[in-house]
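This report refers to the structure that appears directly beneath it.
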Amino acid sequence: LAGTGIGRRQKLFLGWFGPRGLASIVFAIIIFDAGLPGKETIAVVTACTVLLSVVAHGITAYPLVVALGRGGAERVP
């Protein structure tokens, strides 16, 4: 995000909500296709990463949007 001209707070927001879960799945598929050992462990770690990412992002989405001044006064269901 360097050189984009957006502010530091917006960069932090985008960094937090980046494609962590999707990237984890892609890397797991690459490792599976490479035939490396430890596929079961990689599958469990990937699933936990995606699950925790969804939970953490779900919990923090609204407060972070409000903190950036883009959430308005009302909570969206």
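The values are calculated or read from the model by the stated rules, or taken from the named source; none is laboratory data. Computed from a prediction, not measured in an experiment: that's the story for all the values here. Every residue, glycine among them, receives a Cβ derived from its backbone with ideal geometry; neighbour counts consider all protein chains shown.
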Practice item. Tell me which residues, restricted to the range 3-39, are surrounded by 12 or more Cβ atoms within 10 Å (Cβ to Cβ), within 21 Å of residue 57 (Cβ to Cβ) and either touching a Gly at 6+ places or on another chain (Cβ under 8 Å) or of a type in the set (D, E, K, R) (or both). Key: 9, 11, 20
Practice item. Considering each residue of the range 15-26, count those that are in a helix (DSSP H, G or I) and out of contact with any helix residue (DSSP H, G or I) (no Cβ under 8 Å at 6 or more places or on another chain), and give that number. Key: 4
Practice item. Output the qualifying pairs, or none if there are none: Cβ atoms under 7 angstrom, residues six or more apart or on different chains, first residue in the range 52-64 and more than 21 Å from residue 9 (Cβ to Cβ) and assigned to a helix (DSSP H, G or I), second residue of a type in the set (Phe, Trp, Tyr) and modelled with pLDDT of 90 or more. Key: none
